[in-house]
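To keep things clear, I will list the structure first and then write my remarks on it.
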Amino acid sequence: MIRIAIVGAGYIGQLHARLLHKEFQNVSVAAIVDKEEEKGRKLASDAGAVYYSDFETMLKQEDTNVVAICTPTLLHADMVLKSAEAGKYIFCEKPLAPTMNDALRMIEAVNKYKITAMAGHVLRFWPVYIKVKEMVSNNELGKPIHCYCERLLTIPAYTQDGWNRDPRLGGVAFDVQIHDLDFMLWLFGKPKNVVSKGIYDESFGGWLHIQSSIDFNNDVMGLVQAGWGFPIQFPFTMGFRILCEKGTIEWSFRAGQLLEERSAKAGLFVYDTKGSTHTLDVDQTDAFLLQWRYFLNCIENNERVDNATFEDGKNALELALATMKSASEGKPVKLG
């Protein structure tokens with residue numbers, strides 16, 4: 001039996017705890033940690049877990065194998081370092097850290113203690129994104145030329161308590177844009193430079209909208225648009241369009257108010273240069289379920305995590321920081 005501690009009983013912590021409790025017979029959600037007692041005890045009761053208000057007390061007292069860190073980003077580094085020293089397997093939500101220094105410290109710690117660790121970049125486990133990764137890697141439509149991604153929504157309810165309204169957390173550039181930055185890094189490798197423009201809201205304490213143009217080392221052009229300044233009734237909207245030498249791949253999705261509210265299905269379309277249009281069937285398995293299946297399999301079989309690694313998380317963070325720097329300074333930022 002794998003015993004997991006969920007640290008953070010907010011929106012994403014609740015999602016992980018309830019999924020693990022419901023879907024995995026070989027997993028026990030053993031502990032819930034949150035400084036807000038009412039919220040923490042409620043989730044602990046739902047998951048059949050023990051509630052702790054203090055992270056270090058939980059590490060010392062509770063017999064767990066895995067620590068899943070679902071706290072505000074500013075807390076990630078300290079918790080990862082302490083979990084690694086305690087010999088725990090570590091799942092850490094995205095963004096990995098608020099700074100490159102923190103990310104490097106986290107990577108150093110998991111390497112020092114030989115810890116199996118994974119970053120929560122869930123798009124790498126979303127079936128439609130997996131399918132497109134396979135198509136691009138297999139060169140099915142020839143060399144990719146341009147990739148456009150968008151992720152647009154109203155300000156999420158989970159930011160309303162103020163924890164995400166901190167200039168160090170980057171607003172939409174960290175919380176939303178980083179999904180598609182990681183997707184492009186997964187597809188196209190290292191970027192050369194980035195130019196970004198955005199809307200910064202002092203009253204909010206971060207970026208409300210940001211648009212980033214990225215040049216990759218393989219000469220692919222990327223364009224990412226991310227925003228959460230839309231009216232409350234605006235549906236969560238995401239999608240991508242990839243232009244290749246022999247055709248174009250397109251997918252779009254609108255449903256609910258958050259990425260996790262996946263009540264609608266959307267088609268994956270391929271338009272080839274011969275004039276044909278194809279709609280591809282894609283597995284509808286929940287991406288968060290696939291993410292945990294992968295990580296738990298690595299743990300059970302003592303296999304190395306080679307997707308959504310801490311290194312991947314660091315690379316996505318570096319690019320996100322570069323987009324904010326470019327948007328702030330009004331000039332390109334070189335990378336690599």
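The values are calculated or read from the model by the stated rules, or taken from the named source; none is laboratory data. Since this is a predicted model, take the numbers as computed values, not measurements. Glycine also receives a Cβ, built like all others from the backbone with ideal geometry; neighbour counts cover every protein chain displayed.
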Filtered residues of the stretch 2-53 (kept if on the phi > 0 side of the Ramachandran plot and either surrounded by fewer than 22 Cβ atoms within 10 Å (Cβ to Cβ) or modelled with pLDDT under 95 (or both)): G48
From S328, S252, residue being among the polar types (S, T, N, Q), in contact (Cβ under 8 Å) with a residue 24 or more places away in the chain, in the same structural domain as N193 (by TED's automatic domain parsing) and surrounded by fewer than 20 Cβ atoms within 10 Å (Cβ to Cβ): S328
Residue list for the stretch 203-212, filter: buried (at least 17 other Cβ atoms within 10 Å of the Cβ) and either among the polar types (S, T, N, Q) or not in a loop (DSSP other than H, G, I, E, B) (or both): G206, W207, L208, H209, I210, Q211, S212
The stretch 187-205, subset over 18 Å from V333 (Cβ atoms) and touching a helix residue (DSSP H, G or I) at 6+ places or on another chain (Cβ under 6 Å), residue modelled with the highest pLDDT: L187
Pick from the stretch 234-265, criterion modelled with pLDDT under 90 and basic (K, R), ranking: farthest from L181 (Cα to Cα): K265
Test: W228 is farther than 18 Å from L123 by Cβ, under 18 Å from the mean Cα position of the chain (by Cα), buried (at least 17 other Cβ atoms within 10 Å of the Cβ) and modelled with pLDDT under 95: no
Set L268, L296: member being of a type in the set (A, V, I, L, M), within 20 Å of V122 (Cβ to Cβ) and not assigned by TED's automatic domain parsing to the domain that holds E134: L296
The lone exception for S276 - which of (1) crowded, with 16+ Cβ neighbours inside 10 Å; (2) over 24 Å from M221 (Cβ atoms) it fails: (1)
Conditions (1) hydroxyl-bearing (S, T, Y); (2) outside the structural domain of S196 (by TED's automatic domain parsing); (3) at pLDDT below 95; number of the one not met by T159: (2)
Residue in the stretch 200-211 that is free of Cβ contacts under 8 Å to residues at least 60 places away in the same chain, farther than 18 Å from C147 by Cα and polar (S, T, N, Q) present: yes
Members of the stretch 17-38 found to be aliphatic (A, V, I, L, M) and touching a Phe, Trp or Tyr at 6+ places or on another chain (Cβ under 9 Å), listed by number: L19, L20, V27, A31, I32, V33
Condition met for D182 (surrounded by 19 or more Cβ atoms within 10 Å (Cβ to Cβ), in contact with a Leu (Cβ under 7 Å, 6 or more places away or on another chain) and charged (D, E, K, R)): yes
Wholly enclosed helices (runs of 4 or more DSSP H) of the stretch 21-94 bearing at least 1 residues within 20 Å of R105 (Cα to Cα), more than 22 Å from the chain's Cα centre (by Cα) and among the aromatic types (F, W, Y): 55-61
